[in-house]
Amino acid sequence: MKKNEKAKDLIAPCGMNCRICKFYYREKNPCQSCRELQRKAPETRFHCIVRECKILKERKWRYCSDKCENYPCKRLKALDKRYSTKYHMSMLENLNYINDEGIDAFLKKEEKKWTCPKCGGVVTCHGGICLDCGFQKFSN
């Protein structure tokens, strides 16, 4: 699988970029993303109210924003509010950017935003800390 194809699979239906989630990198029970449907994954992922949406469960669309007449639903708005406030990222902004500019442009933007300026490692949205060198990108 090409690097860009794997990166596309790390964008969850809700707009979360799993590549910047600290749970994707943890050693014990790492989350493999919502696109990976193995039962070995943490239980929280299988009970995610957004991922379990009837439309997404039927796998009709790739993202919540794809042709859904309820977009953005109250569940997604609540999740977005929490992440916008606490974690310096917005699922709704991500989905709107993907719709307007395309997934490849979104991945390039995300790469720039979440790459550590000090060492080139990945900065997670949870804490804004580089996983490689500990650089703190955001002050909370």
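What follows draws every value from the coordinates through simple rules; no lab data is involved. Predicted, not measured: the structure shown is a model, and the values here were computed from it. Quick reminder, even Gly has a Cβ in these numbers, built from the backbone with ideal geometry, and neighbours come from all protein chains shown.
Computed 3J(HN,Hα) for the stretch 10-22, one whole-Hz value per residue from the Karplus formula 6.51 cos²θ - 1.76 cosθ + 1.60 where θ = phi - 60°, is 8, 9, 6, x, 7, x, 5, 8, 4, 5, 9, 8, 4, glycine and proline marked x. Amide H contacts for VAL122 (H built 1.01 Å from N in the peptide plane; partners 5 or more residues away or on another chain; cut-off under 5 Å): CYS116, LEU131, ASP132.
Distance between the 7 Å Cα→Cβ label points at CYS133 and GLU27: 2.3 nm. When you work out D = kT/(6 pi eta Rh) for the chain at 10 °C and 1.306 mPa s, using the Kirkwood radius from C-alpha pairs as Rh and the Stokes-Einstein form, the result is 102 µm²/s.
Among ARG51, ARG62, which comes first, then next, by fewest other beta-carbon atoms within 10 Å? Kindly include the intermediate steps, with their values, before the conclusion.
On the way: ARG51 18, ARG62 15.
With the sparsest Cβ surroundings first, the list reads ARG62, ARG51.
Here are some pairs, LYS8/LYS112; LYS8/LYS109; LYS6/LYS112; LYS6/LYS67; LYS8/LYS113; LYS112/LYS137; which of them have Cα atoms lying more than 19 Å apart in this structure? All intermediate terms of the calculation are to be shown ahead of the outcome.
Working: LYS8/LYS112 16 Å; LYS8/LYS109 13 Å; LYS6/LYS112 17 Å; LYS6/LYS67 24 Å; LYS8/LYS113 16 Å; LYS112/LYS137 13 Å.
Where the Cα-Cα span goes over 19 Å, the pairs concerned are LYS6/LYS67.
Spin-label pair ALA78-GLU93: with each label point 7 Å from Cα along the Cα-Cβ axis, the two points sit 2.3 nm from one another. Remark: SER33, SER90 ranked as SER90, SER33, counting other beta-carbon atoms within 10 Å and listing the fewest first.
To the nearest 500 deg cm²/dmol, what mean residue ellipticity at 222 nm is calculated for the chain from DSSP H runs of n ≥ 4 alone, each contributing -39,500 (n - 2.57), summed and divided by the residues? Mind dumping the intermediate values first?
Working: 7 runs with 54 residues, N = 140.
Value at 222 nm, helices only: -10000 deg cm²/dmol.
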